[in-house]
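Before any comments, here is the structure.
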Amino acid sequence: MTNARDKANIPVLNFQSKGIDDNADATAITIDSSERIVLTTTGSTSSSPNLAIKDSGQSGTGAKARVGFLDSGNTVLGEVGYLSGGNHELSIKNIQNSDISFFTNNAEKMRLTSTGLGIGTSSPNSVTNLQIGDTYANEPMIRMETTDGGNKRLDLYVSNGHGYVTSTQSAQDLNLASRVNLIFKTDTSSERMRITSGGSIGIGETAPLGLLHVKTGESSSSVHASANELIVEGSANTGISILSGNSNEGAIYFGDDGNNDVGRIRYLHNTNQMDFTTNGGIRASINSSGQVGIGTTSPSTPLEIASSDQNLLYLNSSHATNARIKLQGGYHSNLFSEIVESAGSFSIDVDANNQEANSHFKVKVKGSERMRIDSNGKVLINTTTTNNGMVISNGSDTSGNNACYGLERGVFKSTIGMSSIGTMTLKNFSGEIIVIDSSGNSTTISPHNFEVIPDGASEDLAWSYYSRKGDTENNFDNTKYISADITKVIRKVENLTGDKLIYTGTGSTDDGSTVSQNIIQDLITRIESLEAEVTALKNQP
């Protein structure tokens, strides 16, 4: 017993069992007992603990004092010790590669495993994981707060299967900071969002091309430098949705330092109408029927333009030769008409693809058709049917049932008409009718027909009188007519009288021709010849 007391450096011993081995070689004292070992002291201070483990061989940073836990084979299972080594570290070791558990009130409250630290759980799942157990009913929480009653507080907790980081106190910001990028992940490893060191935000994009870049797929497109505040990118169909209430509006506003809504694109859900605003006023609208209004918010046709400007519409094509407007209805897929301007030539092409046999162009006034050009190129005015090249109808003061006013200039007027049997009438109500031919020759018009005169016209520019008996509209008798070469008759009168009645020349100058009286001389010669014949007959035996 003396040897044991000396080895343990125990000043007073009062042992009640036989468990002390004073012959141990590897240890200073070996206690081998199936009973509890109780160490009773009279008191301790902060500088004098009840039980002290001393390293008598080292001091200062080199001192090492440990308490070990062994099995029956003297294998060290774990230890608690002070490992100075220059670091002054207090170490708790589980040498057998198992957990270290911490208990209070006979219940485990914290566990350190090879995969992490668990508070309130015995199975942390990551080496860097700190898990908190149920602090409230099924809501594990970590709370960090100041000592002034929670005026500054940060909570990390799980509620209803969701994780939360909250800063719930009034006038308190939640700051998340990173020296480089701030990265947000879900599904343990998939990055969903990041904030770069430059302040750009990428959602689905690790290298955002603008201030906010939302990406669902690679488009391989570049971004314009003047439009990189918001980027929405996808590899297929890509869009932005603005969702509003049934009786409210969804809008995009454009503003500047003088007006916060100088421009706007707005959709009104209560009327299903879209408006476009520039310079603070609505300039165009599309209503629920798809009708477009420019200058009006209530269009009544597919396109309605309202403006105080006299120039309502200007269509300008940069095509080298043609500017074309194509009009097509639903009657036939290949049936359409065109309005074309080509190098100064303006044309309207009805049925440009030649699909209908009876295509035509028509003009209406006050809802009634006033003119038509049919598919044969015939022009019809005030009528819709004809067998002629041009029809002018429903006039007055004419000599033909189907005639109308042809020309008007102030109070002067003339008409042209066509009878049912093909006779044309031409009438001037205020003066003569003059005809000028391609050579510049002109004459006034009267009945002029040499068809029934055997020798035809007696001379160049001859004038005839021609008349037929009967009504030109009904019971016309083609066998009764009279025709005279009036120019020849006048020439005979000139020969009989010696007076010049027909003047010819160039321009307004007479050619100076004189009248020949050879008719009288011919009559004298003939009379003399007849007298000689009579005398000769008298002298015959």
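Is it the case, given these coordinates, that LEU313 is exposed (fewer than 14 other Cβ atoms within 10 Å of the Cβ) and either in the same structural domain as ARG266 (by TED's automatic domain parsing) or not polar (S, T, N, Q) (or both)?
When the stated conditions are applied, LEU313 passes them.
Quick check on ILE502: is it at pLDDT 85 or above and either among the aliphatic types (A, V, I, L, M) or under 25 Å from SER439 (Cα atoms) (or both)?
For ILE502, the condition - at pLDDT 85 or above and either among the aliphatic types (A, V, I, L, M) or under 25 Å from SER439 (Cα atoms) (or both) - is met.
Return the only residue of SER300, SER285, SER226, SER308 being free of Cβ contacts under 8 Å to residues at least 24 places away in the same chain, among the small types (Gly, Ala, Ser) and part of a strand (DSSP E or B).
None of the other options fit; the residue is SER285.
Hey, could you check the range 420-432 for residues that are in contact with a Phe, Trp or Tyr (Cβ under 9 Å, 6 or more places away or on another chain) and surrounded by 14 or more Cβ atoms within 10 Å (Cβ to Cβ) and say which is modelled with the highest pLDDT?
Residue satisfying both the conditions and the ranking: ASN428.
The values are calculated or read from the model by the stated rules, or taken from the named source; none is laboratory data. Since the model is a prediction, treat every value here as computed from it, not as a measurement. No Cβ is skipped: glycine too gets one built from the backbone with ideal geometry, and neighbour counts run over all protein chains shown.
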